[in-house]
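*Asks:* First the structure, then my questions, so here it is.
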Amino acid sequence: MKIHSKSANAVDVCVVRDEMEHGTTGLTNDGSKQCVDTAVAYDCTQVFQENTLTADKQSLTQVSSEDDLTESENTDNESIKSGISEGTCQRKRVKDHMEDQKLLKRIRGDVPPKMFEATVGSMQAGVFKICSKGGLEAGIFPLQSLDFFRKALKPEYIISEINPSDGYHSVENDDIFTTHREITVEHMSEIESGGINGLRRVVGAILQTGKSTLKILCAEVYARDTISDPHAESENASPSSIPIDSEATQYKARIKITLVHDRYKRNKLVIGARACNYLITSGLYKNNDKSQGNQTFAFVGPNRCAAFKVDRSTKMFIKNEVQDPGLLSSDILGLAQVRSGFGHPTTYTARREALLGYGSLYLTPVTIFSLSQYKVPLSLVFRSLAIRARQNKEAKITLHFCDIEEPQQDDHSEAANITRRLLGLFPGSRELVVTGNEEAEKVLSDLSNEFSKAISNKNLKVAKKILSEIL
């Protein structure tokens with residue numbers, strides 16, 4: 001199905017055309033079909049004369065209708081007019097397609113194109129645009145409601161369908177100013193507040209350095225108080241994410257976008273505010289430099305997101321539509337990627353959020369708590385630990401003997417050896433208190449670090465899955 005516009009008396013009318021062998025089929029607002037000639041359905045010559053024809057070509061068009069032209073001159077003029085019409089038609093088709101993409105993007109929001117198409121299909125609904133004198137609007141409604149809407153609308157309105165899979169590529173045609181605007185003082189205050197309010201502003205934001213952009217798909221928030229949050233950035237960290245009133249801070253004394261070191265001196269991308277900071281764990285990277293082919297990548301994992309270069313010129317653009325705070329995962333997927341603090345209650349509180357459409361298990365970065373869902377041997381202990389911690393209303397974190405996978409006798413891997421050490425810490429009661437137990441925390445931290453490589457490998461699969469959804 002193709003969509004074209006016709007200009008008549010300054011009123012925009014949309015004609016839906018199914019190309020036929022002997023013409024086209026137009027669909028009017030009352031649902032009736034009429035077979036019309038292509039030249040009638042879309043008067044290319046008239047549009048061209050009204051908008052773009054130069055004085056010389058206008059004269060040529062006028063002369064072509066006079067009787068004193070020779071037969072050969074008439075033929076030449078018709079050829080010129082035909083060429084002009086075809087070129088104008090092509091430009092109008094491209095323009096209409098771009099308008100459809102913008103409407104579709106506004107409806108689809110952040111949901112990956114393939115997922116959006118599947119969702120609309122499961123709803124047995126279609127994506128339609130309403131053409132009127134005032135402009136274009138779009139919406140989703142059931143196919144069986146189409147006749148009702150056509151009859152309910154005034155005659156100057158025409159409804160036509162937009163195909164979500166008709167050559168639409170959200171990343172390649174992404175226009176940052178269509179969906180975002182540069183961060184304002186109001187946005188900064190929300191980000192500085194931390195928690196859910198801050199996360200819903202950070203997730204979906206776009207960072208821009210030069211011709212490169214990074215759309216944030218997943219982030220985690222951390223407090224700056226090392227007593228209440230064992231994973232808080234050290235006060236002596238260098239470099240630091242604390243924003244100061246200097247040129248090194250992009251938004252002076254308010255928001256600082258920078259790279260900091262993790263405990264192993266590897267870089268990670270952080271957005272720092274005065275009372276908290278946000279660790280970027282997943283993002284869509286796009287290089288808008290045509291000389292390099294407009295490359296698009298999915299970065300999954302804190303250290304991979306650090307590949308995005310930041311400097312004092314880096315800007316932050318916030319989504320026009322704020323994400324619903326209710327989307328913050330309250331289950332295992334809402335837990336952060338940590339390797340320590342397993343005896344502290346805040347380790348098991350939700351501090352991570354993913355952009356709408358990217359919050360499922362196989363589209364979010366893998367953590368030590370979700371690793372067992374990828375069938376990685378001996379990793380179930382961390383998921384079990386988190387489930388018990390979130391169910392237990394007491395301050396102490398406990399681990400049960402039955403929560404741990406017992407290694408096979410012939411398994412001499414480092415993970416198996418550390419698991420045996422953990423099993424050896426259990427007293428006769430078969431319940432181990434982790435809170436305040438330095439030895440238990442040390443063993444759990446060693447075991448989680450042993451799974452770092454497995455997490456990194458699984459994140460590569462998540463990155464491929466993200467790209468398969470959007471390209």
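*Asks:* Would you check which residues across region 189-207 are surrounded by 20 or more Cβ atoms within 10 Å (Cβ to Cβ) and of a type outside the set (D, E, K, R) and list them?
*Replies:* 191, 194, 198, 199, 202, 203, 204, 205, 206, 207
*Asks:* Can you tell me which residue within region 108-119, out of those that are buried (at least 18 other Cβ atoms within 10 Å of the Cβ) and in a helix (DSSP H, G or I), is modelled with the highest pLDDT?
*Replies:* Within region 108-119, the match that is modelled with the highest pLDDT is 116.
*Asks:* Is there a residue being hydrophobic (A, V, I, L, M, F, W, C), at pLDDT 95 or above and in a helix (DSSP H, G or I) anywhere in region 364-380? Full working, then the answer.
*Replies:* Step one: of region 364-380, the residues hydrophobic (A, V, I, L, M, F, W, C) are 366, 368-369, 371, 376, 378, 380.
When the remaining residues are screened for being at pLDDT 95 or above, the result is 366, 368-369, 371, 376, 378, 380.
Going one step further and asking which of them are in a helix (DSSP H, G or I), we end up with 371, 380.
Looking through region 364-380, at least one residue is hydrophobic (A, V, I, L, M, F, W, C), at pLDDT 95 or above and in a helix (DSSP H, G or I).
*Asks:* Let me ask something additional. Within region 326-362, take every residue that is in a helix (DSSP H, G or I) and in contact with a Leu (Cβ under 8 Å, 6 or more places away or on another chain) and give me the one that is surrounded by the fewest Cβ atoms within 10 Å (Cβ to Cβ). Break it down into steps so the answer makes sense when it comes.
*Replies:* To start, the set of residues in region 326-362 that are in a helix (DSSP H, G or I) comprises 326-327, 332-334, 345-348, 361-362.
Still in the list and also in contact with a Leu (Cβ under 8 Å, 6 or more places away or on another chain): 327, 333-334, 347-348, 361.
Values: 327: 15, 333: 21, 334: 21, 347: 21, 348: 24, 361: 12.
The qualifying residue surrounded by the fewest Cβ atoms within 10 Å (Cβ to Cβ) is 361.
*Asks:* Scan (1) modelled with pLDDT under 95; (2) surrounded by 15 or more Cβ atoms within 10 Å (Cβ to Cβ); (3) in a helix (DSSP H, G or I) for the single condition residue 468 breaks and write down its number.
*Replies:* Among (1) modelled with pLDDT under 95; (2) surrounded by 15 or more Cβ atoms within 10 Å (Cβ to Cβ); (3) in a helix (DSSP H, G or I), the lone unmet condition for residue 468 is (2).
*Asks:* Another question about this same structure. Counting only residues that are more than 22 Å from residue 430 (Cβ to Cβ) and aliphatic (A, V, I, L, M), which one in region 362-413 is farthest from the chain's Cα centre (by Cα)?
*Replies:* For region 362-413, the residue satisfying everything is 376.
*Asks:* Here's a follow-up. Taking region 387-410 only, how many residues are touching a Ser or Thr at 6+ places or on another chain (Cβ under 8 Å) and not polar (S, T, N, Q)?
*Replies:* 12
*Asks:* Still on this structure: If a residue counts only when it is modelled with pLDDT under 95 and within 21 Å of residue 268 (Cβ to Cβ), which helices (runs of 4 or more DSSP H) contained entirely in region 144-227 have at least 3 such residues?
*Replies:* Values: elements: 146-152, 176-179, 185-192, 195-202.
Here the list reads 195-202.
*Asks:* Just to verify a result, which residue in region 251-266, among those that are part of a strand (DSSP E or B) and in contact (Cβ under 8 Å) with a residue 24 or more places away in the chain, is nearest to residue 307 (Cα to Cα)?
*Replies:* Residues of region 251-266 that are part of a strand (DSSP E or B), as a first pass: 251, 255-261.
Filter once more, keeping what is in contact (Cβ under 8 Å) with a residue 24 or more places away in the chain: 251, 255, 257-261.
Values: 251: 22, 255: 20, 257: 13, 258: 12, 259: 9, 260: 12, 261: 13 Å.
Result: 259.
*Asks:* Is it fair to say residue 86 is modelled with pLDDT under 75 and part of a helix (DSSP H, G or I)?
*Replies:* Working: modelled with pLDDT under 75: yes; part of a helix (DSSP H, G or I): yes.
Yes.
*Asks:* Does region 276-290 include one or more residues that are in contact with a Gly (Cβ under 6 Å, 6 or more places away or on another chain) and in contact (Cβ under 8 Å) with a residue 60 or more places away in the chain? Give the steps one after another, and end with the answer.
*Replies:* Here is the first cut: in region 276-290, the residues in contact with a Gly (Cβ under 6 Å, 6 or more places away or on another chain) are 276.
Going one step further and asking which of them are in contact (Cβ under 8 Å) with a residue 60 or more places away in the chain, we end up with 276.
Checked against the condition, which is being in contact with a Gly (Cβ under 6 Å, 6 or more places away or on another chain) and in contact (Cβ under 8 Å) with a residue 60 or more places away in the chain, region 276-290 yields at least one hit.
*Asks:* Shifting gears a bit: Residues to consider are 399, 422; find the one that is crowded, with 19+ Cβ neighbours inside 10 Å, without any contact (Cβ under 8 Å) to a residue 60 or more places away in the chain and not in a helix (DSSP H, G or I). Show your work before the answer.
*Replies:* Values: 422 fails: not in a helix (DSSP H, G or I).
Just one listed residue meets the conditions, 399.
The values are calculated or read from the model by the stated rules, or taken from the named source; none is laboratory data. The structure presented is a predicted model; accordingly, all values stated were derived computationally and were not measured. Neighbour counts are summed over all protein chains in view; Cβ atoms, including those assigned to glycine, are modelled from backbone coordinates with ideal geometry.
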